[in-house]
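K.L.:
Let me give you the structure first, and then I'll get to my questions.
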Amino acid sequence: MKVKKELIQNYLDKHGIRAANLARDMEMDESEVETLLRGEAVKEATARKFIYFFGADEAVKMIDWAAIGKKNPFEGGKD
């Protein structure tokens, strides 16, 4: 999974926290949050924690669907 790094940075800025704080709150290593902040891919375990922490409704907005070559399943109309 890859996320839109500017949205993660905006979250940190809005809440006045650092990557280490987010990592602690998400129960993951700080290096994983740093990977998210660089816009790089993370493994499934990190992706699961990310989605659990932010909730599906918010996480789906932060995932960089184009970067992972997928269509946002919540976007678009009826087929």
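No value in this document is a laboratory result; all are computed from the given coordinates. Just so we're clear, the structure is a prediction, and the values are computed from it rather than from any experiment. Quick reminder, even Gly has a Cβ in these numbers, built from the backbone with ideal geometry, and neighbours come from all protein chains shown.
K.L.:
If the chain between residue 18 and residue 71 were fully stretched, how many nm would it gain, using 0.36 nm times the residue separation less the Cα-Cα distance? Display every interim value, and only then the final one.
P.N.:
Working: separation 53, 0.36 × 53 = 19.08 nm, distance 3.06 nm.
Contour length minus the Cα-Cα distance gives 16.0 nm.
K.L.:
Provide the per-residue ³J(HN,Hα) series for region 15-32, in order, calculated from phi with Karplus coefficients 6.51, -1.76, 1.60 and θ = phi - 60°, each as a whole number of Hz, with x at glycine and proline positions.
P.N.:
9, x, 10, 10, 4, 4, 5, 4, 4, 4, 5, 8, 6, 9, 6, 4, 4, 5
K.L.:
If all Cα-Cα distances of the chain are sorted into 5 Å bins from 0 onward, what percent lands in each bin, rounded to whole numbers?
P.N.:
3, 15, 27, 30, 12, 7, 3, 2, 0
K.L.:
For the chain, what is the calculated [θ] at 222 nm in deg cm²/dmol (nearest 500), taking -39500 (n - 2.57) for each run of four or more DSSP H residues and dividing by its residue count?
P.N.:
So the helix-based figure for the chain works out to -16000 deg cm²/dmol.
K.L.:
About the Cα centre of region 10-78, what is the dipole size in debye to 20, counting +1 per Lys and Arg Cβ and -1 per Asp and Glu Cβ, all else neutral?
P.N.:
280
K.L.:
Then there is this: Can you find, among 21, 60, 72, the residue sitting farthest towards the positive end of the charge dipole of the chain, where Lys and Arg contribute +1 and Asp and Glu -1 at Cβ?
P.N.:
Of the options given, the answer is 72.
K.L.:
Now, a different point. How about the chain: which GluC sites (Glu not before Pro) there lie in a loop by DSSP and see at most 14 other Cβ atoms within 10 Å?
P.N.:
27, 40, 75
K.L.:
Once the piece of chain linking residue 10 and residue 51 is laid out straight, how much longer is it, given 0.36 nm per residue of separation minus the C-alpha distance between them? The partial results should precede the final answer.
P.N.:
Values: separation 41, 0.36 × 41 = 14.76 nm, distance 1.69 nm.
Stretched out fully, the residue 10 to residue 51 stretch lengthens by 13.1 nm.
K.L.:
Enter the angle in degrees (range 0 to 90, nearest 10) between the Cα long axis of helix 44-54 and the first principal axis of the Cα atoms of the chain, meaning the one along which they spread out most.
P.N.:
Approximately 90 degrees, to the nearest ten.
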